[in-house]
Amino acid sequence: MGFLSRLSPSSRPRPDPKPDHCHVEIDGEPVRVTIVWNDRARRYTLRVRGSVREPVVTIPARGKLAEARDFLDRHRGWLRARLAALPDAAPIADGGTIPIRGVPVRIVHREGRGLVRIEDTGDGPCLVVTGGAEHIARRVTDYLKREARRDLEAATTRHAATLGVTVKTIRLGDPISRWGSCSSSGTIAYSWRIIMAPPEVLDYLAAHEVAHLREMNHSPRFWRHVAAICPGMEQAKTWLNRHGAALHAVGAD
């Protein structure tokens with residue numbers, strides 16, 4: 001009589017974990033590419049997350065790493081051009097310049113205590129940051145988030161009243177692929193980075209997301225709602241398409 005040997009769940013061999021990155025050589029230098037394994041994807045895709053200047057390849061269901069590497073090799077030229085087109089990173093540091101409401105503002109660090117504030121020194125506006133130098137980036141980012149919330153709440157409330165819709169919650173984040181989103185429950189999420197764009201661009205973003213509470217799509221009827229409450233819609237869209245990547249470069253390494 002033979003014996004059947006059964007492995008307990010804890011003793012069964014586990015499959016090797018799927019790699020989360022690989023490298024592709026561009027101009028003689030290895031470039032790290034993040035791998036996303038997506039069982040719902042139907043094909044291989046390649047994109048660059050501008051805020052972190054990171055290439056990302058998506059592998060679909062039943063996809064293989066070897067096939068992903070071949071896909072990257074075939075699109076090496078596209079990736080080279082896309083990376084080269086990214087704006088230079090703009091660190092948030094003493095002496096650096098960032099846009100606030102579309103206006104370039106120089107960061108000035110001072111010893112002591114006090115709120116982050118904008119001052120006009122005669123050579124243009126400066127953003128004065130006190131405290132330890134190691135906290136400059138965090139304090140500036142916190143300031144931008146506060147200013148973004150104030151402007152976005154005002155614009156959202158105004159457009160919601162015009163369209164006769166109710167906004168339940170406003171949230172701020174730092175998404176990579178979109179400037180805003182709206183759920184059917186009335187929650188609107190924005191990228192705080194929009195505070196660096198001109199005010200009319202921020203106003204367009206708020207109008208766009210509020211209009212989704214009338215039409216949860218991008219149909220012609222939706223765009224008519226946006227145009228009705230934001231006459232400068234087309235110019236704002238063009239500005240974001242041309243300059244949005246530069247806003248994601250602020251604070252990037």
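The values are calculated or read from the model by the stated rules, or taken from the named source; none is laboratory data. Owing to the predicted nature of the structure, the values given are computational and were not obtained by experimental measurement. As a convention, Cβ positions derive from the backbone with ideal geometry for all residues, glycine included, and neighbour counts pool all protein chains shown. Side chains included, ligands, DNA and RNA excluded: accessible areas come from the protein's heavy atoms. Shrake-Rupley method; radii C 1.70, N 1.55, O 1.52, S 1.80 Å.
Of note:
- Matching residues, the range 240-253, being farther than 22 Å from GLY96 by Cβ and either open to solvent by less than 90 Å² (accessible area, probe 1.4 Å) or touching a residue at least 24 places away in the same chain (Cβ under 8 Å) (or both): LEU240
- Elements of type strands (runs of 3 or more DSSP E) in the range 107-181, at least 1 residues being over 23 Å from ALA246 (Cα atoms) and in contact (Cβ under 8 Å) with a residue 40 or more places away in the chain: none
- Candidates VAL210, VAL201, filtered to the one that is closer than 30 Å to PRO91 by Cα and hydrophobic (A, V, I, L, M, F, W, C): VAL201
- You will find that of ARG224, ARG158, ARG171, the residue that is in contact with a Ser or Thr (Cβ under 8 Å, 6 or more places away or on another chain) and open to solvent by 50 Å² or more (accessible area, probe 1.4 Å) is ARG171 and no other.
- Filtering the range 182-201 to residues that are assigned to a helix (DSSP H, G or I) and open to solvent by 10 Å² or more (accessible area, probe 1.4 Å) leaves TRP192, ARG193, PRO199, GLU200.
- Of all residues in the range 37-51 being loosely packed, with under 15 Cβ neighbours inside 10 Å and either within 17 Å of the chain's Cα centre (by Cα) or of a type in the set (A, V, I, L, M) (or both), the one that is farthest from GLY244 (Cα to Cα): ALA41
- The listed residue being of a type in the set (Asp, Glu), under 19 Å from the mean Cα position of the chain (by Cα) and open to solvent by less than 40 Å² (accessible area, probe 1.4 Å), out of GLU215, GLU147: GLU147
- Taken over the range 64-84, the criterion of being in contact with a Pro (Cβ under 9 Å, 6 or more places away or on another chain) and open to solvent by 70 Å² or more (accessible area, probe 1.4 Å) is satisfied by ARG82 alone.
- Of all residues in the range 44-90, those that are in a loop (DSSP other than H, G, I, E, B), touching a Gly at 6+ places or on another chain (Cβ under 7 Å) and within 30 Å of CYS126 (Cα to Cα) total 1.
- Total residues in the range 206-220 satisfying the condition of being without any contact (Cβ under 8 Å) to a residue 40 or more places away in the chain and either farther than 11 Å from HIS159 by Cα or in contact with a Ser or Thr (Cβ under 9 Å, 6 or more places away or on another chain) (or both): the figure is 7.
- Which numbered condition ARG139 misses (of (1) open to solvent by less than 50 Å² (accessible area, probe 1.4 Å); (2) closer than 20 Å to ASP94 by Cβ; (3) in contact with a Gly (Cβ under 8 Å, 6 or more places away or on another chain)): (1)
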